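A short write-up of the structure that comes next.
The values are calculated or read from the model by the stated rules, or taken from the named source; none is laboratory data. For clarity, every value in this text was computed on a predicted model and none was experimentally measured. So basically every Cβ, Gly included, is an ideal-geometry build from the backbone, and we count neighbours across all protein chains shown.
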Ligand SMILES: Cc1cc2nc3c(=O)[nH]c(=O)nc-3n(C[C@H](O)[C@H](O)[C@H](O)COP(=O)(O)OP(=O)(O)OC[C@H]3O[C@@H](n4cnc5c(N)ncnc54)[C@H](O)[C@@H]3O)c2cc1C
């Protein structure tokens with residue numbers, strides 16, 4: 001993704017890529033630095049419609065608009081107010097979760113829900129109604145957004161909350177940026193007294209041990225598992241169950257240091273293959289020498305281990321990667337997860353990062369929110385033209401057969417019939433779409449294209 005802060009309005013289209021680096025589409029990029037920049041930007045659209053975007057940390061094409069106009073919000077990153085009594089923090093939508101943490105942690109507050117990277121904006125977190133390791137107790141991010149302002153391309157402004165413009169609130173949370181421009185939002189933060197997490201890592205062998213650990217940990221705030229998707233036989237579905245709570249022992253609440261490591265180059269396409277991933281998985285599994293490890297861990301490595309190396313997506317080479325994340329409901333979650341993991345292991349296309357978690361039953365506020373109670377598995381595959389797309393299409397069909405759905409924020413491949421089966425409410429949602437806003441994802445999965 002180009003650095004949005006280094007450019008003003010660009011007359012010519014430039015290639016723009018999301019975190020998965022696939023697909024890459026040309027778009028005209030306009031930086032929004034003030035909330036008032038939106039009205040003129042949308043009034044003077046180049047052809048092709050527009051899409052507000054944040055840090056481009058979605059993996060596929062939900063933050064892309066081929067030959068259209070991307071309105072990049074990261075220059076709009078001011079804090080508007082903070083109430084230490086309630087923890088209510090109001091900020092412009094381009095503020096990142098990293099910037100929010102830098103402000104809030106020294107004051108004894110933390111994010112109510114955090115994804116696996118802190119380099120996402122408040123607007124992006126709302127538009128995908130993101131989830132974190134505490135989904136089973138806290139639900140999605142949108143549940144903690146008490147209000148926001150939505151600006152439509154006709155200039156109308158709506159304050160949206162659970163009690164005001166409720167239908168727009170529900171459509172915009174998880175609404176993929178399509179209902180309009182979120183200019184600012186209020187997030188209810190949670191109090192902490194320490195940067196540390198009381199961490200426990202537990203090895204497991206097989207899905208049933210994973211499910212037992214999930215049951216035992218229902219009172220623990222954060223749970224997530226790394227799982228080995230390359231092994232078969234006795235090592236099938238082995239993994240490390242990681243759980244933790246914020247430490248209640250007070251320690252100094254200092255700001256995190258800036259990451260210093262940068263992945264320096266685009267790795268050759270063949271660097272990540274079944275052999276290297278299997279070697280990594282074996283090393284990772286045995287890194288934890290004992291079955292159970294207890295430690296006090298800083299929140300940075302606990303929540304954001306990948307953020308330590310900037311541009312780590314270059315590891316997949318210039319061709320990029322396909323992410324694939326499903327949620328399958330409890331009725332078929334065990335069976336579906338085994339079948340999908342077997343299909344991955346047999347495919348010879350190993351996933352380097354495989355994350356398994358149980359979603360809880362806290363309802364999501366968004367009409368199009370992805371999580372549902374059951375199991376979610378996130379996988380990533382380096383793109384090998386002849387193998388990756390057929391595999392991912394098959395896995396998406398299996399997800400459908402098991403009553404699950406895929407996460408649009410991590411998708412570049414689901415077909416229109418698959419999307420429409422996963423999200424049957426999509427036509428009702430489409431009534432809320434702003435007529436000048438669209439995305440390459442939306443055009444792909446609905447066939448609904450703005451006239452050029
Ligand atoms: C390493 C890594 C780990 C991740 N872990 C998780 C995880 O654990 N859980 C999870 O749920 N997701 C996770 N994600 C996905 C990520 O959290 C989401 O894709 C998030 O939405 C990205 O935010 P962004 O600011 O980069 O938005 P972008 O990717 O730029 O845009 C995302 C969507 O938000 C819309 N949008 C952005 N700003 C606005 C605005 N002001 N008004 C209206 N719409 C707007 C865009 O139109 C687009 O539809 C992860 C991503 C990475 C790279």
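List of remarks:
- Count - residues of the stretch 97-127 that are near the ligand (Cβ under 8 Å from one of its atoms) and within 14 Å of residue 19 (Cβ to Cβ): 7
- Against the list (1) crowded, with 19+ Cβ neighbours inside 10 Å; (2) modelled with pLDDT of 95 or more; (3) away from the ligand (no atom under 16 Å from the Cβ), the condition residue 237 fails is (2).
- Test for residue 89: is it more than 28 Å from residue 111 (Cβ to Cβ) and away from the ligand (no atom under 13 Å from the Cβ): no
- Those residues of the stretch 204-234 which are at pLDDT 95 or above and in a helix (DSSP H, G or I), in sequence order: 207, 208, 209, 210, 211, 212, 213, 214, 215, 216
- Of residues in the stretch 56-95 being surrounded by fewer than 24 Cβ atoms within 10 Å (Cβ to Cβ) and within 25 Å of residue 415 (Cβ to Cβ), the one nearest to the chain's Cα centre (by Cα): 56
- Filter result (within 16 Å of the ligand (Cβ to nearest atom), in a loop (DSSP other than H, G, I, E, B) and surrounded by fewer than 20 Cβ atoms within 10 Å (Cβ to Cβ)) within the stretch 155-203: 155, 156, 165
- Residue ranges of helices (runs of 4 or more DSSP H) in the stretch 334-450 with at least 3 members away from the ligand (no atom under 14 Å from the Cβ): 388-401, 416-422, 426-430
- Matching residues, the stretch 128-139, being more than 10 Å from the chain's Cα centre (by Cα) and within 8 Å of the ligand (Cβ to nearest atom): 133
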